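The values are calculated or read from the model by the stated rules, or taken from the named source; none is laboratory data. Keep in mind it's a predicted model, so treat the numbers as computed, not measured. With ideal geometry, Cβ positions are generated from the backbone for all residues, glycine too; neighbour counts draw on all protein chains shown.
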Amino acid sequence: MRLDATQWLTMLGLILVGLLPIATMGIMLGHLVTVDSLVPRSAASTSLLSLLGGAFGPLATTGTLLTVVKLLPPTGSSKRARPPWWKRLATEAWIVIAVWTVVLGRITALAYRRVTARV
C-alpha cells in the first residue's frame, strides 16, 4: 500500500494526538514519584495501557473487558495507526483521548502546584 504525502502527514498528526494522554501521564508521574521509581512506573503503566488497549493485538472482542478496553487511550491510537485509518475515525476514540488528556492534565497541574509549593 502506498501513501501520498498528505496521508503520511495526516497519520503522523493522528498518532501525535493519540500520544497526548501518554505524554501527560509521563509528566504527571514525574511530579508524583521519586526519580528512582519514575522509569519502572512509567514503563509499567505504559506497557499495561498498551497491552490492554490493543497495541499488541486485540485483547477482547466481546463482553465487559471490551467495554473497559474501549475506555483506554491506546485503543483509539492503535486503531488510527493501522490502515485504513483515513476512511473513518471513531468519535468515541477522540472523546476517550480528550477525556484522558484533560483528566491527567488536571492531576498533573495539581501535582505541579504541590511540588512547587514545597520549594
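In table form, for the structure just shown:
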read-out: Selected residue [surrounded by 15 or more Cβ atoms within 10 Å (Cβ to Cβ), over 28 Å from residue 113 (Cα atoms) and touching a residue at least 12 places away in the same chain (Cβ under 8 Å)] from 20, 59, 52, 72; value: 52
read-out: Residue selected from the range 68-89 under the condition modelled with pLDDT of 70 or more and in a loop (DSSP other than H, G, I, E, B), by the criterion nearest to the chain's Cα centre (by Cα); value: 72
read-out: Of all residues in the range 5-38 being of a type in the set (Gly, Ala, Ser) and more than 18 Å from the chain's Cα centre (by Cα), the one that is modelled with the lowest pLDDT; value: 5
read-out: Yes/no for residue 109 being modelled with pLDDT of 90 or more and of a type in the set (Gly, Ala, Ser); value: yes
read-out: Which listed residue, of 2, 41, is among the charged types (D, E, K, R), over 14 Å from the mean Cα position of the chain (by Cα), assigned to a helix (DSSP H, G or I) and over 17 Å from residue 112 (Cβ atoms); value: 41
